[in-house]
1. Determine whether residue 157 is in contact (Cβ under 8 Å) with a residue 40 or more places away in the chain and surrounded by fewer than 17 Cβ atoms within 10 Å (Cβ to Cβ).
2. Among the listed residues 139, 194, identify the single one that is within 14 Å of the ligand (Cβ to nearest atom) and assigned to a strand (DSSP E or B).
3. So for segment 21-32 (the condition being more than 11 Å from the ligand (Cβ to nearest atom), in contact with a helix residue (DSSP H, G or I) (Cβ under 8 Å, 6 or more places away or on another chain) and without any contact (Cβ under 8 Å) to a residue 60 or more places away in the chain), does at least one residue qualify?
4. Does segment 23-34 include one or more residues that are closer than 22 Å to residue 115 by Cβ, outside any loop (DSSP other than H, G, I, E, B), modelled with pLDDT of 95 or more and under 17 Å from the mean Cα position of the chain (by Cα)?
5. What pairs come out if I take residues in segment 57-73 that are on the phi < 0 side of the Ramachandran plot and free of Cβ contacts under 8 Å to residues at least 60 places away in the same chain and pair them with residues that are surrounded by 13 or more Cβ atoms within 10 Å (Cβ to Cβ) and assigned to a helix (DSSP H, G or I) whose C-beta lies under 7 Å away, six or more apart or interchain?
6. Which members of segment 147-175 meet the condition of being part of a strand (DSSP E or B) and farther than 16 Å from residue 23 by Cβ?
Ligand SMILES: C[S@@+](CC[C@H](N)C(=O)[O-])C[C@H]1O[C@@H](n2cnc3c(N)ncnc32)[C@H](O)[C@@H]1O
């Protein structure tokens with residue numbers, strides 16, 4: 001059943017969700033799983049979906065992000081939106097942070113961004129072109145979690161917000177427990193996580209515990 005609806009999912013959609021959920025878990029828990037072939041597969045999938053991506057824009061889509069930012073009490077500093085797509089979250093992030101960098105592997109997605117305030121960068125999140133410990137707040141909305149790179153670029157007091165806008169029916173999905181376990185397994189620090197729901201969406205914020 002479609003998240004938030006009563007229509008059955010098509011076979012094609014079910015296969016897509018299953019494949020993306022499989023990749024999401026692999027990437028989160030096995031750093032060797034991301035390969036050039038997999039990057040090509042994912043980039044092609046999202047290049048093909050880019051043209052329709054603005055149809056996702058709605059208050060419901062953005063709300064879990066605003067709820068997560070509020071729960072984190074985050075404001076100011078550098079925000080990195082990883083897997084930003086067409087940058088539906090840009091205005092929300094620019095209103096709260098001093099600098100917003102939006103990164104995506106899909107050139108087709110980035111071409112369709114409106115470019116009001118964020119710096120857009122085409123890059124693979126498995127190798128972020130970002131300095132160590134330089135980011136205050138990382139956003140992953142319906143995006144794979146690369147724990148090694150997130151923990152590398154995050155400041156000691158930084159926070160990661162991981163959001164699944166259709167809950168466990170989200171194609172690129174990790175449970176709140178998976179987010180915590182993946183970060184702890186890869187990170188050089190301990191993470192304290194808080195999770196919540198916003199309608200159908202799940203959000204998790206992970207903050208490095210101060211040593
Ligand atoms: C489901 S879309 C979400 C887009 C956006 N966060 C949103 O909520 O509208 C996932 C996005 O992540 C991007 N992506 C997937 N793997 C990536 C990677 N390794 N590095 C950078 N971007 C990636 C895709 O190109 C796509 O734009």
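The values are calculated or read from the model by the stated rules, or taken from the named source; none is laboratory data. Since we're looking at a predicted model, the values are computed, not measured. Glycine gets a Cβ as well: all are built from the backbone with ideal geometry, and neighbour counts include every protein chain shown.
1. Answer is yes for this residue.
2. None of the others qualify; the one that does is 139.
3. First pass over segment 21-32, keeping only residues more than 11 Å from the ligand (Cβ to nearest atom): 21-22, 25-26, 28-32.
Adding the requirement that they be in contact with a helix residue (DSSP H, G or I) (Cβ under 8 Å, 6 or more places away or on another chain) leaves 25, 28-29, 31.
Okay, now just the ones that are also without any contact (Cβ under 8 Å) to a residue 60 or more places away in the chain, so none.
No, segment 21-32 contains no residue that is more than 11 Å from the ligand (Cβ to nearest atom), in contact with a helix residue (DSSP H, G or I) (Cβ under 8 Å, 6 or more places away or on another chain) and without any contact (Cβ under 8 Å) to a residue 60 or more places away in the chain.
4. Of all residues in segment 23-34, those closer than 22 Å to residue 115 by Cβ come to none.
No, there is no match, as no residue in segment 23-34 is closer than 22 Å to residue 115 by Cβ, outside any loop (DSSP other than H, G, I, E, B), modelled with pLDDT of 95 or more and under 17 Å from the mean Cα position of the chain (by Cα).
5. 62/92; 66/92
6. Matches in segment 147-175: 154, 155, 156, 157, 158, 159, 160, 161, 163.
For every residue, the table says whether it meets (1) surrounded by fewer than 17 Cβ atoms within 10 Å (Cβ to Cβ); (2) near the ligand (Cβ under 8 Å from one of its atoms); (3) assigned to a helix (DSSP H, G or I).
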residue	(1), (2), (3)
55	yes, no, yes
60	yes, no, yes
70	yes, no, yes
79	no, no, no
85	no, yes, no
92	no, no, yes
100	no, no, no
103	no, yes, no
110	no, no, yes
